[in-house]
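Here the structure comes first, spelled out in structure tokens, and everything after it is commentary.
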Ligand code: FPP
């Protein structure tokens, strides 16, 4: 079986995040610094995403979510949006084989309403082909916004109450967790945001309640393995208490 860079050195890290989320930011600035068009930065960003997926597979991280395009990114110039959509499509086509060979399960979260039909087909094909895979759970947040996802979840609860499937008095945190796009994954343990911005930009607001957040100045295309491993190492040594005095206890979904 062909593996991604099988000869690459991967450190032993004891306490890995179960679910890692990355806000990949800084592609445009990276390109500008090199006197290139923004799409050049996005292309470099894809290569970096591939490296991170590869590292996550080798480290045996359970779930990785990459924020590729937010619901707010539709406000960007049409030319950049079209370039990005074509890039997403090329990327999926190019890496489908690699994901299969590495037992990665792929999913897209976000609204498909405004995505090009051809991209939707590719995303759905990739989801179907990899759906039985048992390795890394890779999620691409594409046309995703956490507030919109929460509103959709609330509307589902209202429907379920109206139709008698659940009783209003039974509603708790899990009622909503189970109706969000990330219902089949553990909550986020660690978020990394590149490029020096210290915001969370509508990314997994519900799922990050107990997450550690690491902001780095590094622009996404320059985010190297060594920094990635250092962040994971530092996470590994941190102690998460979930607001109690006990050591980390997992908050399980029903
Ligand atoms: C953030 O940089 C990047 C994006 C919004 C584009 C999407 C990300 C990629 C192309 C990389 C990975 C893609 C896949 C399919 C895994 P920015 O444009 O906001 O940069 P700036 O803040 O410097 O302008």
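The values are calculated or read from the model by the stated rules, or taken from the named source; none is laboratory data. Nothing here was measured: the structure is a model prediction, and the numbers come from that model. As a convention, Cβ positions derive from the backbone with ideal geometry for all residues, glycine included, and neighbour counts pool all protein chains shown.
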Mind checking whether some residue in region 233-254 is farther than 30 Å from residue 44 by Cβ, in contact with a helix residue (DSSP H, G or I) (Cβ under 9 Å, 6 or more places away or on another chain), modelled with pLDDT under 95 and surrounded by 13 or more Cβ atoms within 10 Å (Cβ to Cβ)? yes
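Can you pull out every residue in region 106-117 that is touching a helix residue (DSSP H, G or I) at 6+ places or on another chain (Cβ under 9 Å) and either within 12 Å of the ligand (Cβ to nearest atom) or assigned to a loop (DSSP other than H, G, I, E, B) (or both)?
Kept after step one, since they are touching a helix residue (DSSP H, G or I) at 6+ places or on another chain (Cβ under 9 Å), are these residues of region 106-117: 106-112, 114-116.
The answer is 106, 108, 110, 111, 112, 114, 115, 116.
Considering every residue within region 120-139, establish whether at least one is within 12 Å of the ligand (Cβ to nearest atom), under 19 Å from residue 220 (Cβ atoms) and touching a residue at least 24 places away in the same chain (Cβ under 8 Å). Walk me through it before giving the result.
Of the residues in region 120-139, the ones within 12 Å of the ligand (Cβ to nearest atom) are 122-123, 126, 138-139.
Checking the rest, the ones that are also under 19 Å from residue 220 (Cβ atoms) come to 138-139.
Cutting the leftovers down to touching a residue at least 24 places away in the same chain (Cβ under 8 Å) gives us 138-139.
Scanning region 120-139 turns up at least one residue that is within 12 Å of the ligand (Cβ to nearest atom), under 19 Å from residue 220 (Cβ atoms) and touching a residue at least 24 places away in the same chain (Cβ under 8 Å).
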Test for residue 232: is it in a helix (DSSP H, G or I) and closer than 15 Å to residue 17 by Cα: yes
